[in-house]
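Colleague: Pasting in a structure now, in structure tokens, and then I'll have a few things to ask.
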């Protein structure tokens, strides 16, 4: 079980797993510091601005929170402060801790930081690195998607939906396949627990399909038969079987 601890620092506030062999400090969220130590590397494909760092507690992925869309033109990485527990970093850390404790395949959270600057803040998150692994986007580019993999992906998504877990940005970049073929979901920024509704579950799947299409799947004549249809079949079968399971408690509409 992940045991969280909150600690104020001169530059902000941290939340971390107090069972760690070493206590994180603000340097752990400084990419330049890791680079100077020779212990960092950019994530393959530059996924979400993530860098991989070799910390005293093991290999981790460090992500700085960046705005997207039109708001990025106003402020690239600053958010409105409304309390530390409502910061994106703290919320994602606590959600990941809950999911990891429940045995769902997510990267375990290591530490998160938010730095307040008046009415705004910036934030970072450290999670355990899943390595070696490829995203489904990378698998698609290599042409190595197949029905067996599709079934594993479908069953994994069903596990999350059965537990009432909504992923805010379910796409081909946020689903990993590790060296053993196991499926992992990453990047739970803005994710949350929700009451079961067919609408948001189907919207999750539709978002995933759109991401594949943007990556060129729409031009692959066998994509539906080799991957998408087996994914959906496995998803619906697993979700039906999971209907008798006990979901995680809590959740908003």
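The values are calculated or read from the model by the stated rules, or taken from the named source; none is laboratory data. Predicted model, so just to flag it, every value in this text is computed and none were measured. Virtual Cβ from ideal backbone geometry, glycine too; neighbours counted across all protein chains shown.
Colleague: Quick check on residue 29: is it at pLDDT 95 or above and over 18 Å from residue 2 (Cα atoms)? Talk me through it step by step, then tell me what you get.
Modeller: On the way: at pLDDT 95 or above: yes; over 18 Å from residue 2 (Cα atoms): yes.
Spelling it out, residue 29 is indeed at pLDDT 95 or above and over 18 Å from residue 2 (Cα atoms).
Colleague: Scan the stretch 211-228 for residues that are free of Cβ contacts under 8 Å to residues at least 60 places away in the same chain and either in a helix (DSSP H, G or I) or more than 16 Å from residue 145 (Cβ to Cβ) (or both) and jot them down.
Modeller: Answer for the stretch 211-228, where residues must be free of Cβ contacts under 8 Å to residues at least 60 places away in the same chain and either in a helix (DSSP H, G or I) or more than 16 Å from residue 145 (Cβ to Cβ) (or both): 213, 214, 218, 219, 224, 225.
Colleague: Are any residues in the stretch 1-22 part of a strand (DSSP E or B) and exposed (fewer than 12 other Cβ atoms within 10 Å of the Cβ), and if so, which ones?
Modeller: Looking only at the stretch 1-22, we keep the residues that are part of a strand (DSSP E or B), and these are 4-9, 12-17.
If the condition is that a residue be part of a strand (DSSP E or B) and exposed (fewer than 12 other Cβ atoms within 10 Å of the Cβ), then 8 is the only one that fits.
Yes/no matrix, rows are residues, columns are (1) under 20 Å from residue 92 (Cα atoms); (2) in the same structural domain as residue 107 (by TED's automatic domain parsing); (3) in a helix (DSSP H, G or I); (4) touching a helix residue (DSSP H, G or I) at 6+ places or on another chain (Cβ under 6 Å):
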| residue | (1), (2), (3), (4) |
| --- | --- |
| 151 | no, no, yes, yes |
| 168 | yes, no, no, no |
| 171 | yes, no, no, yes |
| 203 | no, no, yes, no |
| 233 | no, no, yes, no |
| 238 | no, no, yes, yes |
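Colleague: Report, by residue number, each residue of the stretch 109-132 that is surrounded by fewer than 18 Cβ atoms within 10 Å (Cβ to Cβ) and part of a strand (DSSP E or B).
Modeller: Hits for the stretch 109-132 are 116, 117, 120.
Colleague: Could you tell me whether the stretch 168-185 includes any residue that is within 25 Å of residue 126 (Cα to Cα) and free of Cβ contacts under 8 Å to residues at least 12 places away in the same chain? Break it down stepwise before answering.
Modeller: Narrowing the stretch 168-185 to residues within 25 Å of residue 126 (Cα to Cα): 168-185.
Those left that are additionally free of Cβ contacts under 8 Å to residues at least 12 places away in the same chain: 180.
Yes; the residues of the stretch 168-185 include at least one that is within 25 Å of residue 126 (Cα to Cα) and free of Cβ contacts under 8 Å to residues at least 12 places away in the same chain.
Colleague: Same structure again: Which one of these does residue 103 not meet: (1) assigned by TED's automatic domain parsing to the domain that holds residue 41; (2) closer than 30 Å to residue 225 by Cβ?
Modeller: Unmet for residue 103, out of (1) assigned by TED's automatic domain parsing to the domain that holds residue 41; (2) closer than 30 Å to residue 225 by Cβ: (2).
Colleague: If I filter the stretch 215-226 for residues that are under 21 Å from the mean Cα position of the chain (by Cα) and not assigned by TED's automatic domain parsing to the domain that holds residue 104, do I get at least one hit? Talk me through it step by step, then tell me what you get.
Modeller: First, pick out the residues of the stretch 215-226 that are under 21 Å from the mean Cα position of the chain (by Cα): 215.
Those left that are additionally not assigned by TED's automatic domain parsing to the domain that holds residue 104: 215.
So far as the stretch 215-226 goes, yes, one or more of its residues are under 21 Å from the mean Cα position of the chain (by Cα) and not assigned by TED's automatic domain parsing to the domain that holds residue 104.
Colleague: Here's a follow-up. Of the residues 208, 193, which single one is under 21 Å from residue 99 (Cα atoms), in a helix (DSSP H, G or I) and outside the structural domain of residue 92 (by TED's automatic domain parsing)? Working first, answer last.
Modeller: Working: 193 fails: in a helix (DSSP H, G or I).
Residue meeting the stated conditions: 208.
Colleague: Out of the residues in the stretch 209-221 that are surrounded by 14 or more Cβ atoms within 10 Å (Cβ to Cβ) and touching a helix residue (DSSP H, G or I) at 6+ places or on another chain (Cβ under 8 Å), which is nearest to residue 161 (Cα to Cα)?
Modeller: Ranking the qualifying residues of the stretch 209-221, first place goes to 209.
Colleague: If you don't mind, another one. Suppose we filter the stretch 122-157 for residues that are within 16 Å of the chain's Cα centre (by Cα) and under 14 Å from residue 208 (Cβ atoms); how many remain?
Modeller: Number satisfying all stated conditions: 6.
Colleague: Right, something else. State which residue is nearest to the chain's Cα centre (by Cα) when the search covers only the stretch 23-44 and only residues that are in contact (Cβ under 8 Å) with a residue 12 or more places away in the chain and assigned to a helix (DSSP H, G or I).
Modeller: Residue satisfying both the conditions and the ranking: 44.
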